[in-house]
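The values are calculated or read from the model by the stated rules, or taken from the named source; none is laboratory data. Note that this is a predicted model, so its numbers are computed, not measured. Reconstructed Cβ throughout: ideal geometry from the backbone, glycine too, with neighbour counts over all protein chains shown. Just the protein is used for accessible areas: all its heavy atoms, side chains included, with ligands, DNA and RNA removed. Shrake-Rupley method; radii C 1.70, N 1.55, O 1.52, S 1.80 Å.
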Amino acid sequence: MMLLTLGLSAGGIAAIVVAVVLLVLLAIIFSLLPIRIWFRALVSGVKIPMTKLIGMKWRGIKVIPLVDAYISAKKAGLDISIDELESHVLARGDVIKVVNALISAHSANMELAAETARAIDLAGRDVLNAVKVSVNPKVIETPAISAIAKDGIELRVKARVTVRANITRLIGGAGEDTIIARIGEGIVTTVGSSESHKDVLENPDAISKTVLNKGLDSGTAYEILSIDIADIDVGRNIGAQLQMDQAEADKRIAEAKAEERRAMAVALEQEMKAKTQEMRALVIEAESQVPKAMAEALKNGKLGVMDYYNMQNVMADTNMRNAIGGVEESAEGSKDKK
């Protein structure tokens, strides 16, 4: 009896050990084999070989999002293989966005090849957003663009540009910044060629027509559908301001030239005063030599005594006349003051 109990106990322990081993083996198998995701694909009507799933897992690929994207693509009726999606994941692409973009394009009856979608995604573009913008056009609002008409009045123009993504030019095409810059250039050109700012205010659609005719969407990733002028504000009178600045500059130049002429006149006056003083000094020096010359002439007999007296009489008469003339001038001056 005791032996039977021991035998039963040994058999139970063996069974427990076998069960534990089986559980461990099953855990290892489930951890190594993606049975769960394989079963999900199978019940979704998508057959994926287990060996391919194991290979993807060993290559370090996140199997669950890849298989979910593949299931979504097959459910949407897309003709795409699991190998194409795997290669895109290995190229560091976003397989979820690519599949969603293909589904959106397929639903909108828009032609978009899987190769093109993968290339757009690998180029760094948001392929899903591009498809959305291609189906539903996008409105880009430009900032206030300053332009000056020929009459010198500044106008600040805001425009709304309706664009649609061009899938074929998405790779290598310019973005929204180029569109806004070209629109600004067209607005400046159109307003600048107007004779008066009033013409622009009366016909703002002339800006839209002129800009659209320039083909500003060439080389970009968008196709311009329409350009609408949202707002036009009248700014400063730039022409008048420029004329005022020019007049102020001319005034300063004239003042500088006048100051230069005045300085030259002052210098010339100082020079003439210096020459006059120099001549007066020469005259005084010459007059100081007259008595000596007369004494020498009297001594040598070249000048007689009567001649000397006659000269003195003439000088006295001249001094008297000068004195009389000075008195009369002073008297007349006093009368005028009275």
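Taking Lys302 as the anchor, which lysines have their alpha carbon closer than 16 Å to its alpha carbon, excluding any fewer than eight residues away along the same chain? Correct list for Lys302: Lys292. A straight line joining the Cα centroids of the range 249-267 and the range 48-105 runs 85 Å. Counting only Cβ charges, +1 for Lys and Arg and -1 for Asp and Glu, the dipole size of the range 137-294 around its Cα centre is about 200 debye. Remark: the chain carries a charge dipole of roughly 1980 debye about the Cα centre, counting +1 on each Lys and Arg Cβ and -1 on each Asp and Glu Cβ. Legend: residue pairs Lys97/Lys158; Lys132/Lys209; Lys132/Lys158; Lys97/Lys138, Cα-Cα distance threshold 23 Å; pairs beyond threshold, Lys97/Lys158; Lys132/Lys209; Lys132/Lys158. Average projection, convex hull of the Cα set of the chain: 55.8 square nanometres. 3J(HN,Hα) couplings calculated from phi for the range 79-91 with the Karplus curve 6.51 cos²θ - 1.76 cosθ + 1.60 (θ = phi - 60°) are, in sequence order, 8, 9, 9, 5, 5, 5, 5, 5, 5, 5, 5, 5, 7 Hz; Gly and Pro show x. The amide H of Gly235, built 1.01 Å from its N in the peptide plane, has Glu154, Leu155, Arg156 as neighbours under 5 Å, considering only residues 5 or more places off or on other chains. Across the range 151-244, C-alpha contacts under 8 Å between residues 6 or more apart give a mean separation that, scaled by the residue count, equals a relative contact order of 55 percent. Post the alpha-carbon centroid distance, the range 206-228 to the range 268-293, in whole angstrom. Going from one Cα centre to the other spans 88 Å.
Shown for the range 194-324: the carbon plus sulfur share of the solvent-accessible area, taken with all protein chains present and a 1.4 angstrom probe, equals 56%.
Quick one: helix 176-192 against the long Cα principal axis of the chain, what's the angle to the nearest 10°, folded into 0 to 90? Helix 176-192 sits roughly 40 degrees off the main axis of the chain. The residues of the range 94-146 have, on average, 51 Å² of accessible surface per residue, using a 1.4 Å probe with all protein chains present. Which Cα, out of Val163, Val131, Pro204, lies furthest along the positive dipole direction of the range 119-204 (beta carbon charges, K/R +1, D/E -1)? So the residue furthest toward the plus end is Val131. Taking Cα atoms only, the orientation of helix 305-337 departs from the longest principal axis of the chain by about 50 degrees. Projecting the Cα atoms of Leu225, Ile284, Met320 onto the charge dipole of the chain (Cβ charges, centred on the Cα centre) puts Leu225 farthest toward the positive pole. If you wrap the tightest convex hull around every Cα atom of the range 178-268 and split its volume per residue, you get 140 Å³. Net charge in the neighbourhood of Lys62 (other residues with Cβ under 15 Å of its Cβ; Lys, Arg +1, Asp, Glu -1) is +4. Thr51 sits with roughly 110 Å² accessible to a 1.4 Å probe, with DNA, RNA and ligands left out of the calculation.
Each helix, a run of at least 4 DSSP H residues, gives -39500 (n - 2.57); summed and divided by the residues of the chain, these come to -22500 deg cm²/dmol at 222 nm. Listed values for the range 210-216 are Karplus-derived 3J(HN,Hα) couplings in whole Hz (6.51 cos²θ - 1.76 cosθ + 1.60, θ = phi - 60°), namely 5, 5, 5, 5, 7, x, 6, and x replaces Gly and Pro. Annotation for the range 180-224: GluC sites (Glu not before Pro) lying in DSSP loop with at most 15 further Cβ atoms inside 10 Å of their Cβ are Glu195.
Taking Lys and Arg as +1 and Asp and Glu as -1, the other residues whose beta-carbon sits under 13 Å from that of Ile48 total +3.
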